[in-house]
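Shown next, in structure tokens, is the structure this report addresses.
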């Protein structure tokens with residue numbers, strides 16, 4: 001039994017298997033073919049953080065695979081009344097075939113997985129967001145910006161907060177071998193433990209990782225430019241300070257001009273125009289962004305089927 005808690009646990013070959021399966025199922029879906037890969041399987045979806053794309057993509061995904069999704073808000077189950085997480089894990093995992101959790105601390109996810117009898121998927125934690133990176137990778141491939149055989153030909157620039165998305169990009173690049181530049185304001189760097197692990201993996205994969213404070217240097221001649229919100233859930237009280245600290249880190253048309261002329265722009269959404277991205281950049285790259293959003297569905301179907309093998 002395998003869990004999908006973060007990309008650190010996965011090899012390049014395993015990530016490729018998941019992505020290839022996602023593409024295969026996406027192709028079938030576009031043709032109106034819905035094979036019951038997970039007939040009668042039950043997916044419990046536990047949400048301690050609210051969501052749009054995560055809930056819809058997992059619920060639709062398991063249904064299209066022939067199974068059933070059960071939405072469980074922490075407000076509505078015993079977790080909200082103080083039941084130990086390990087007890088919730090031992091109960092729920094005896095009744096379902098797979099669990100997806102969207103929560104705060106990575107430690108909560110790992111504790112649940114420790115006591116679960118079925119595969120557990122990280123739907124997002126404060127540390128990382130691996131299912132989003134599967135969708136981003138699919139999108140990069142579809143737009144001709146990544147090839148598993150020649151990963152060093154790709155340069156990705158991440159501009160903004162060193163949050164769970166930046167952490168996840170660092171691990172993905174280091175595992176697959178593409179080049180990544182992360183530009184953050186001082187004091188908002190990625191998790192130091194993640195950084196050191198990524199640098200170690202990069203020695204084997206050949207990835208070139210750069211951690212910068214200059215957005216222009218990061219974006220220069222990049223194939224892919226990406227960002228995320230400056231104010232994540234739980235950080236609302238820091239909003240004014242963050243807006244001030246992130247001045248100069250908005251991905252606008254002037255910054256995008258520094259990337260390659262055919263560069264794509266990705267955003268995991270929701271996007272706040274006028275903050276981390278300008279209206280002009282967002283709308284001019286809307287095809288990429290919303291294909292990326294749709295790919296949450298297809299990548300996660302590939303992942304669920306892969307874990308169910």
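The values are calculated or read from the model by the stated rules, or taken from the named source; none is laboratory data. Because the structure is a prediction, the values reported are computed rather than measured. For neighbour counting, all protein chains shown are included, and Cβ atoms are generated from backbone atoms with ideal geometry for every residue, glycine included.
Mind listing just one residue for me: the one in region 189-200 that is within 19 Å of the chain's Cα centre (by Cα) and touching a residue at least 12 places away in the same chain (Cβ under 8 Å) and, of those, surrounded by the most Cβ atoms within 10 Å (Cβ to Cβ)? Filtering region 189-200 for residues that are within 19 Å of the chain's Cα centre (by Cα) and touching a residue at least 12 places away in the same chain (Cβ under 8 Å), the one surrounded by the most Cβ atoms within 10 Å (Cβ to Cβ) comes out as 198. A single entry from 46, 62 fulfils the requirement of being in contact with a helix residue (DSSP H, G or I) (Cβ under 8 Å, 6 or more places away or on another chain) and part of a helix (DSSP H, G or I): 62.
If the condition is being in contact with a strand residue (DSSP E or B) (Cβ under 9 Å, 6 or more places away or on another chain) and either under 17 Å from residue 266 (Cα atoms) or buried (at least 24 other Cβ atoms within 10 Å of the Cβ) (or both), then region 145-164 contributes 145, 146, 154, 155, 156, 157, 158, 159, 160, 161, 162, 164. Filter region 283-302 for residues that are touching a strand residue (DSSP E or B) at 6+ places or on another chain (Cβ under 7 Å) and surrounded by fewer than 24 Cβ atoms within 10 Å (Cβ to Cβ); which is nearest to residue 68 (Cα to Cα)? The residue in question is 289.
Hey, can you tell me all the residues within region 123-144 that are touching a strand residue (DSSP E or B) at 6+ places or on another chain (Cβ under 6 Å) and either part of a loop (DSSP other than H, G, I, E, B) or under 18 Å from residue 45 (Cβ atoms) (or both)? Correct list: 123, 124, 130, 143. Residue-level analysis places residue 167 among those that are without any contact (Cβ under 8 Å) to a residue 60 or more places away in the chain, surrounded by 23 or more Cβ atoms within 10 Å (Cβ to Cβ) and in a helix (DSSP H, G or I). Restricted to region 34-65, and to residues there that are exposed (fewer than 15 other Cβ atoms within 10 Å of the Cβ) and modelled with pLDDT under 95, the residue that is nearest to the chain's Cα centre (by Cα) is 52. There is no residue in region 21-33 that is surrounded by 17 or more Cβ atoms within 10 Å (Cβ to Cβ) and not in a helix (DSSP H, G or I). Checking 283, 250, 254, 237 one by one, the residue that is under 21 Å from the mean Cα position of the chain (by Cα) and without any contact (Cβ under 8 Å) to a residue 40 or more places away in the chain is 250 and no other.
Quick check, is residue 134 out of contact with any helix residue (DSSP H, G or I) (no Cβ under 9 Å at 6 or more places or on another chain), crowded, with 21+ Cβ neighbours inside 10 Å and modelled with pLDDT of 95 or more? No. Taken over region 110-120, the criterion of being surrounded by fewer than 24 Cβ atoms within 10 Å (Cβ to Cβ) and either assigned to a strand (DSSP E or B) or outside the structural domain of residue 87 (by TED's automatic domain parsing) (or both) is satisfied by no residue. Taken over region 208-221, the criterion of being touching a residue at least 40 places away in the same chain (Cβ under 8 Å) and within 20 Å of the chain's Cα centre (by Cα) is satisfied by no residue.
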